1. Can you work out which of the residues in the range 68-85 that are more than 23 Å from Leu20 (Cβ to Cβ) and assigned to a loop (DSSP other than H, G, I, E, B) is modelled with the highest pLDDT?
2. Pick from the range 135-151 the residues that are under 30 Å from Ile106 (Cα atoms) and without any contact (Cβ under 8 Å) to a residue 24 or more places away in the chain: which of them is surrounded by the fewest Cβ atoms within 10 Å (Cβ to Cβ)?
3. Suppose we filter Ile18, Ile36 for residues that are closer than 27 Å to Asn203 by Cα, at pLDDT 95 or above and out of contact with any Gly (no Cβ under 7 Å at 6 or more places or on another chain); which single one remains?
4. Is it the case that Leu80 is buried (at least 16 other Cβ atoms within 10 Å of the Cβ), closer than 23 Å to Trp164 by Cα and within 18 Å of the chain's Cα centre (by Cα)?
5. When you scan the range 210-224, do you find a residue that is more than 14 Å from Leu89 (Cβ to Cβ), touching a residue at least 40 places away in the same chain (Cβ under 8 Å) and among the basic types (Lys, Arg), even just one?
6. Please enumerate the residues belonging to the range 146-157 that are closer than 21 Å to Met185 by Cα, in contact with a strand residue (DSSP E or B) (Cβ under 9 Å, 6 or more places away or on another chain) and in a loop (DSSP other than H, G, I, E, B).
7. Starting from the range 252-276, take each residue that is closer than 17 Å to Thr104 by Cβ and list its partners that are in a helix (DSSP H, G or I) and β-branched (Val, Ile, Thr), counting only C-beta distances under 9 angstrom and pairs at least six apart or across chains.
Amino acid sequence: MSRGIYIVANDRVIDNAIALLNSIRHYDPEVTVYLIPFNDNYHKVAEQLADLHNVQVFPDLEFLENLTKRIGEIFDRDFLALPNKMRKLVAWFGPLDEFIYIDTDIVVFEKIADNLDKLSKVDFFCCDYHHANEKLRNVFSPFVQERQIFSDAQLEDVFNSGFWASRKGVITEQQMDEALRECAMHREYFDFSEGVTDQPILNYLVLKLIAKRGNLVKIPGGGPGSWAGSRNFQQQDYALYDRGQRLKYLHWAGTRIKIGSPYWQLWEHYRYLHEGKFAFIPKLTRRLFPFVFART
């Protein structure tokens, strides 16, 4: 049985992708990682991640293109403007039997693939507090609860689409196509008001098609958080802690990673983990005074 991690990236997010992979490899040198190209502009990031961390490009690019095309045909452009945002759905049809999908605006603080052991009890799991903090916001409109499209118990399982895990074959192509067409006919189900893209649709697919679901934070006393918008985490040795519990990962969801962003220096640590002693000097300063920071 093959296990591993999928990411979606292109050259535009190369710095984030390097930070993420540096953190993954820091804790797990061996786990298989596949890059799902967001679009055709992915060759630079693919080359760097292959050289640095043996990341492989998703092997069936024809299937990926066909899936993207099908999604673009199912949804009107004023409903789902960027079908490429849905490319993470290809994870259910890729080479990995069990997988974690991770957005590139994340860094991890443990051997993250060990969490795949949880798939012995469920067919899908996430690891976040969206259900508690955001409720249905950025997922479903009030219509879904009012009309009981999903039960209240099901709606307690809404999740952030940046980190989740499942296994190959849990959703078939036919099931996915049918569910996506249901979504396309019912835009009143979804909350796109704050610019989210894949998250509402992915939640619909999972709640509709996968009965055995879990959330790693739903443990007695509650697991650690993961959102970079929380200022309550404590840092120790380039990891974060929440009420004494080490975070599994940190996600800058909805926040651009830049100087002044929450936990910026932590992100810089992982981005420049293997690039020398001037890693934490802001890029602008390095460009203005290259003679000062020239490497020998």
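1. Phe75
2. Across the range 135-151, the extreme among qualifying residues is Pro142.
3. Ile36
4. No.
5. Looking for residues that are more than 14 Å from Leu89 (Cβ to Cβ), touching a residue at least 40 places away in the same chain (Cβ under 8 Å) and among the basic types (Lys, Arg), one finds at least one in the range 210-224, hence yes.
6. Across the range 146-157, the qualifying residues are Ile149, Phe150.
7. Tyr270/Ile18; Arg271/Ile18; Tyr272/Ile18; Leu273/Ile18
The values are calculated or read from the model by the stated rules, or taken from the named source; none is laboratory data. Not measured: the values here are computed from a predicted model. Every residue, glycine as well, gets a Cβ built from its backbone with ideal geometry; the counts of neighbours run over all protein chains shown.
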